[in-house]
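The structure appears right after this line, and notes come after that.
The values are calculated or read from the model by the stated rules, or taken from the named source; none is laboratory data. Just so it is clear, the model here is predicted, and its values are computed rather than measured. Counting neighbours? That spans all protein chains shown, and the Cβs are built from the backbone with ideal geometry, glycine included. Ligands, DNA and RNA are stripped out before the accessible areas are found, and what is left, the full protein with its side chains, is counted by its heavy atoms. Shrake-Rupley method; radii C 1.70, N 1.55, O 1.52, S 1.80 Å.
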Amino acid sequence: HLGQFGDGIGRCSKLTSVTLDFRRNQITGEHLGQFGDGIGQCAELTSLDLAFSDNQITGEHLGHFGDGIGRCSKLTSLHLDFSRNQITGEHLGQFGDGIGRCSKLTSVTLDFRRNQITGEHL
């Protein structure tokens, strides 16, 4: 599952750049937090580009995912595409707090188009 995949990537300790495209699948996000924890183990990571558009992600584990990414202390470029999912925004605050710990970020693109975000938790 997605969490185990992230754990495997996390064991690649010398990675500096990761690009993964999971668009148009049936990912619910159930293991998204564990996936983020795995990515967060990549201590040398400077560039991360993840596409999760057109899935069934609700955002329930999005906060945990952000916490994991927030451990990438050398990250300078971040591109995340969560467009066209079922994210309500409930965990976007925690997600933002996690990403906010990446103090070296100079380029960020976050795409949450066409979800079910009401703004209540922003």
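State the label only: which of (1) -0.77, -1.19; (2) -0.59, -1.21; (3) -0.98, -1.18 corresponds to log10 I(q)/I(0) by the Debye sum over Cα atoms at q = 0.15, 0.21 Å⁻¹ computed from the shown model? Answer by label: (2). Positive-end ranking of 76, 61, 86 along the dipole of the range 51-122, with charges on Cβ about the Cα centre, is headed by 76.
Counting only protein heavy atoms and a 1.4 Å probe, the range 61-122 has 52 square angstrom of accessible area per residue.
Solvent exposure of the range 1-59, expressed per residue, is 48 Å² of accessible area, with all protein chains present and a 1.4 angstrom probe. Not counting the cut sites, what is the longest span of the chain without GluC sites (Glu not before Pro) that DSSP labels loop and that have at most 14 other Cβ atoms within 10 Å? So the longest stretch without any such site is 45-119. Computed from backbone phi, the HN-Hα couplings of the range 101-107 come to 7, 7, 6, 9, 4, 10, 9 Hz, rounded to whole numbers (Karplus: 6.51 cos²θ - 1.76 cosθ + 1.60, θ = phi - 60°; Gly and Pro given as x).
Remark: the range 37-47, residue by residue, has Karplus-estimated 3J(HN,Hα) of 4, x, 4, x, 7, 7, 5, 9, 5, 10, 9 Hz, where x stands for each Gly or Pro and the curve is 6.51 cos²θ - 1.76 cosθ + 1.60 at θ = phi - 60°. Taking 18 Å as the cut-off, the amide N atoms of the range 73-90 that come nearer than this to a point 7 Å along the Cα-to-beta-carbon line of residue 120 belong to 86-90. In this structure, the amide hydrogen of residue 79, modeled 1.01 Å from its nitrogen in the peptide plane, lies closer than 5 angstrom to those of 48, 49, 50, 109, counting only residues at least 5 positions away or on a different chain.
Taking the Cα centre of the chain as reference, the dipole from Cβ charges on Lys and Arg (+1) and Asp and Glu (-1) amounts to some 360 debye.
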